[in-house]
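K.L.:
Have a look at this one before I ask anything.
A short reminder: the numbers here are calculations on the coordinates, not readings from a lab. The structure presented is a predicted model; accordingly, all values stated were derived computationally and were not measured. Cβ atoms come from the backbone with ideal geometry, glycine included; neighbour counts cover every protein chain shown.
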Amino acid sequence: MARFIVVVLDGFGVGEMPDVPQVRPQDRGANTASKLLAHFQLKRLPTLEKLGLQNIVQCAESVMQTNPSANIGRALLAHQGGDTFMGHQEIMGTRPKPPLTQPFQHAMETVETALLDAGYRVERVTRQGLSLLSVNEGVLIGDNLEAELGQVYNLTCNFNVVPFETLLAIAAVVRQANPVGRNIAFGGNIDGMQRVLNAIELKPDSTGIPQYIGVNSPDSGAYDEGFRVVHLGYGVDANTQVPKRLHDVGIKTWLYGKVADIVQNPHGISYTSVVDTDEVFRLLHQDLQSQSRGFFCANIQETDLSGHQQDPKRYWQVLEKSDKGIAEVIALMDPEDLLVVMADHGNDPFIGHTKHTREQVPLMIYQHGLSGLNIGERATMSDVGATVTAFFGAEQPEHGEPIEALLKRV
């Protein structure tokens with residue numbers, strides 16, 4: 001019996017990607033981990049120190065030391081930008097595909113036709129010449145106004161009118177009919193559709209002309225009661241990802257935190273909408289105490305949130321909590337278990353903007369008896385997912401190459 005455990009410190013990158021000067025010049029100089037170690041130079045993260053964080057970062061200002069026994073490496077991002085959703089799809093073995101960025105207006109007619117062909121009732125809701133789509137009187141489809149404009153479409157649903165299961169079916173049709181990076185289908189038990197309609201807003205493009213129309217999510221009431229959400233990525237096929245590959249050979253998957261919100265895991269256990277770091281680790285520890293076999297993947301979201309807030313102090317506090325949580329994971333590991341601690345992108349709290357930073361991610365590996373291994377630089381985070389499936393003898397995911405050095409002792 002064996003377990004493969006992945007802990008993703010969301011946004012904990014280790015230096016800008018080689019293509020940053022060309023594709024993300026605003027991220028020049030980004031290095032989330034190194035800058036935090038330098039800023040808190042007299043403080044230690046003992047578990048991450050043991051796992052080789054300084055071997056990777058080489059921060060001269062920090063009192064933390066390298067560990068010659070650590071097993072370490074790096075992974076490059078294969079997806080564009082630096083995105084939690086696509087980052088986790090990549091980790092799970094998806095080959096990232098370049099999405100299109102466009103206002104919902106450009107896709108509306110195609111989406112409308114697809115929904116009508118599927119038998120849904122569709123009406124246009126128009127404000128100042130721009131339109132959203134209303135489906136079955138309970139779902140509004142338009143631009144996501146909180147993300148970078150044009151990259152995400154939202155489906156905002158009143159579950160008192162349209163049930164969640166029907167929303168999922170509508171979302172599947174919409175996803176097939178547009179090429180932007182992500183569609184988010186969500187809703188809650190909202191007291192009347194008028195509140196959702198009142199939350200419609202317009203946003204201008206760079207010239208100041210309104211081009212985007214959507215629902216202000218907090219104002220819609222969707223978060224207030226009974227909130228549920230599913231994220232659907234462009235070109236993401238869950239049937240080729242790690243959870244499904246493992247299910248096919250009888251291995252169960254447990255997901256914790258944001259990874260549970262964004263990765264499909266219908267045959268496993270997913271602890272959704274868990275943000276608190278201590279609670280994520282409590283659930284993970286609980287399952288490791290009772291389960292002797294399987295794949296366990298936890299996302300620590302509060303590191304990422306601290307980066308968005310440009311709050312180094314909070315970021316370090318979350319790292320300290322995570323350090324203790326990872327130490328307890330190691331204490332619960334059996335000899336054949338394998339642990340990988342990594343990130344999904346960067347979120348440098350010193351960079352001067354509040355968005356993710358396009359950074360390489362650390363790979364810190366632990367297994368009883370494994371010592372001094374350097375797996376080098378991996379071309380994609382999908383290599384982690386490919387290693388998971390190989391570890392359990394399952395079919396490989398769509399993308400990635402197994403890290404063979406981690407399989408020799410299995």
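K.L.:
Check each of the GluC sites (Glu not before Pro) in region 128-231 and keep only those in coil by DSSP with at most 10 other C-beta atoms within 10 angstrom; list them in order.
P.N.:
none
K.L.:
Let me ask another. About the Cα centre of region 155-274, how large is the charge dipole given +1 on each Lys and Arg Cβ and -1 on each Asp and Glu Cβ? Please answer in debye to the nearest 20.
P.N.:
In debye, rounded to 20, region 155-274 gives about 400.
K.L.:
From Cα coordinates alone, what are the radius of gyration and Dmax values for region 104-233 in angstrom?
P.N.:
When restricted to the Cα atoms of region 104-233, Rg and Dmax are 13.2, 40 Å.
K.L.:
In debye, nearest 20: dipole of the chain around its Cα centre with unit charges on the Cβ of K, R (+) and D, E (-)?
P.N.:
Charge dipole, the chain, about its Cα centre: 540 debye, nearest 20.
K.L.:
While we're here: Normalised by the number of residues in region 180-257, what is the relative contact order in percent for Cα pairs under 8 Å and 6+ residues apart?
P.N.:
Over region 180-257, the number comes to 36 percent.
K.L.:
So, one more: Could you give the radius of gyration (one decimal) and Dmax (whole number) of the Cα atoms in region 155-304, in Å?
P.N.:
Looking at region 155-304, its Cα Rg and Dmax stand at 17.9, 58 Å.
K.L.:
Still on this structure: Can you tell me which lysines have their Cα less than 26 Å from the Cα of LYS97? Leave out same-chain residues fewer than eight positions away.
P.N.:
Counting by Cα, and skipping residues close in sequence, LYS97 has these lysines nearby: LYS244, LYS258, LYS355.
K.L.:
Once you sort the root eigenvalues of the Cα gyration tensor of region 217-280 as a ≥ b ≥ c, which label holds: rounded (a/c under 1.5), prolate (a/b larger than b/c) or oblate (the other case)?
P.N.:
It comes out oblate by the Cα gyration axes.
K.L.:
To continue, here is another question. Can you list which of the GluC sites (Glu not before Pro) found in region 1-83 are DSSP loop residues with at most 15 other C-beta atoms within 10 Å?
P.N.:
GLU61
K.L.:
Assign one of three labels to the chain, namely rounded, prolate or oblate, based on the Cα gyration tensor with a ≥ b ≥ c the square roots of its eigenvalues; rounded applies when a/c is under 1.5, prolate when it is not and a/b is larger than b/c, and oblate otherwise.
P.N.:
Because a/c hits 1.5 or more and a/b exceeds b/c, the chain counts as prolate.
K.L.:
Next up: Relative contact order for the chain: what percent, with Cα pairs under 8 Å and sequence separation of 6 or more?
P.N.:
28 percent
K.L.:
A further question follows. Ranked by Cβ crowding within 10 angstrom, fewest neighbours first, how are CYS297, CYS59 ordered?
P.N.:
Going from least to most buried by this count: CYS59, CYS297.
K.L.:
Another question, then. In the chain, which helices (entire DSSP H runs) extend 15 Å or more along their own long axis, judged by Cα positions, while averaging at least 0.5 on the Kyte-Doolittle scale?
P.N.:
164-176
K.L.:
Please return the longest range in the chain lying between exposed loop sites, taking trypsin sites (Lys or Arg not before Pro), DSSP loop only, at most 12 other beta-carbon atoms within 10 Å, and leaving the sites out.
P.N.:
In the chain, the maximal stretch lacking such sites is 122-407.
K.L.:
Around CYS59, under 13 Å between beta carbons, what's the net of Lys plus Arg minus Asp minus Glu among the other residues?
P.N.:
+1
K.L.:
Roughly how large, in nm² to one decimal, is the mean projection of the convex hull of the alpha-carbon atoms in region 1-103?
P.N.:
For region 1-103, the mean projected area of the Cα convex hull comes to 9.2 nm².
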